[in-house]
Each structure stands twice: as C-alpha cells, then as structure tokens.
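The values are calculated or read from the model by the stated rules, or taken from the named source; none is laboratory data. Computed from a predicted model, the values in this text were never measured in an experiment. Every residue, glycine as well, gets a Cβ built from its backbone with ideal geometry; the counts of neighbours run over all protein chains shown. Note: accessible area is taken over every heavy atom of the protein model, side chains too, but ligands, DNA and RNA are not part of it. Shrake-Rupley method; radii C 1.70, N 1.55, O 1.52, S 1.80 Å.
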Amino acid sequence: VCPANIGLAGFSSAELRTIAKGLRQNPVAGPRVVACRTDLSAFTYDGEKQALLSVCQEEGITLLATDPLGRGAAQAGGTSEEGLATMMKLLELIGTFEGNHTVAQVALNWLVCKSALPMLATSDARSAWEGCGGMGWRLDDNQIAILDEKASSLLNS
C-alpha cells in the first residue's frame, strides 16, 4: 500500500513541478507531495530558491526551510562579508522597529511570511524559545519587499 503523502528533498523547482503534476494527474497510482525540504534563508534566497518556493505555493506543498538562519551560507562564503553585514543590520533594524525582536526572529518571520516552515536545529531550549519569538506577529508587505530585494541581491554581492 502506497502512503497517502510524502515529503521530498533535493529536487529542483522544475523536477518538483513535474513530480507533483504527475502524481496529481494519477492520484490512485501514488502519494501526494505535501512537503519539500531545502536550505532556505534570507541569506540563500537565489533564483532557484524563489522558483522552488513558487512551485510549493502553487502546488500546496509546505516548504521545510532547513538552515533558516543561513549559518551554512555564511560559513560557505557564498556572499561577501559586506553583504552579510548589511543583511544583519537590516534584520536588526526591522526587529527593533517591530518591538525589539532579534535578528533570528525577524529572519524566521520572513520565512513564515514566504509560506515556508522554518526548521530550527537546536539542542538548546533557550534558542528554541527565542525562535518562537519570530511567530505571533507579521512583517508588513513593505518590510517583506525590502528583505526580498536585499536577499535576492545578496548572493550577487
């Protein structure tokens, strides 16, 4: 018996669209894709991540955003130190404006506003509670647009 739902990881936006469409056209033959896991953060928001997020939104698939704080991107050196510093300052500024939220909380809220589900990897209860502070409020459309613009240009800086 085939499971009713599955989650996928490691597929491009085009591959995910093809798989989801194929399963949707023949629901008796297979499961439905309900989740897709990828590294996604304000520090890794390139064209392919944007396309993958769009496919997920169109297909009703939850995007599980691993590395939601972009630690892997910062360590990999995919962006300039100046670009990273600028993004950190922007997140900090928005956090202060929105009620003294931390950089991490603003970054997590941005992902939620993008319809992604941030997956925090921590063994520290305090860090988990801090992450929860990114929920229960929402960035406004202008703040999201500013972060989108900066995030999109970050990998090119």
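Have a look at S152, S127 and point out the one that is in a helix (DSSP H, G or I), surrounded by fewer than 16 Cβ atoms within 10 Å (Cβ to Cβ) and in contact with a Phe, Trp or Tyr (Cβ under 7 Å, 6 or more places away or on another chain).
S152 is the lone residue from the list that is in a helix (DSSP H, G or I), surrounded by fewer than 16 Cβ atoms within 10 Å (Cβ to Cβ) and in contact with a Phe, Trp or Tyr (Cβ under 7 Å, 6 or more places away or on another chain).
Output the residues belonging to the range 18-49 that are in contact with a helix residue (DSSP H, G or I) (Cβ under 8 Å, 6 or more places away or on another chain), surrounded by 19 or more Cβ atoms within 10 Å (Cβ to Cβ) and assigned to a helix (DSSP H, G or I).
Listed by number, the list holds a single entry, A20.
Could you grab me the full set of residues in the range 66-80 that are surrounded by fewer than 14 Cβ atoms within 10 Å (Cβ to Cβ) and either at pLDDT 80 or above or part of a loop (DSSP other than H, G, I, E, B) (or both)?
Answer for the range 66-80, where residues must be surrounded by fewer than 14 Cβ atoms within 10 Å (Cβ to Cβ) and either at pLDDT 80 or above or part of a loop (DSSP other than H, G, I, E, B) (or both): G77, S80.
Out of (1) farther than 27 Å from E15 by Cβ; (2) open to solvent by 40 Å² or more (accessible area, probe 1.4 Å); (3) among the small types (G, A, S), what's the single condition that is false for G83?
Among (1) farther than 27 Å from E15 by Cβ; (2) open to solvent by 40 Å² or more (accessible area, probe 1.4 Å); (3) among the small types (G, A, S), the lone unmet condition for G83 is (2).
Kindly evaluate L63 against the criterion of being part of a strand (DSSP E or B) and either open to solvent by 70 Å² or more (accessible area, probe 1.4 Å) or of a type in the set (F, W, Y) (or both).
no
Sort through F11, F97 and tell me the only one that's surrounded by 16 or more Cβ atoms within 10 Å (Cβ to Cβ), at pLDDT 85 or above and of a type in the set (F, W, Y).
F11
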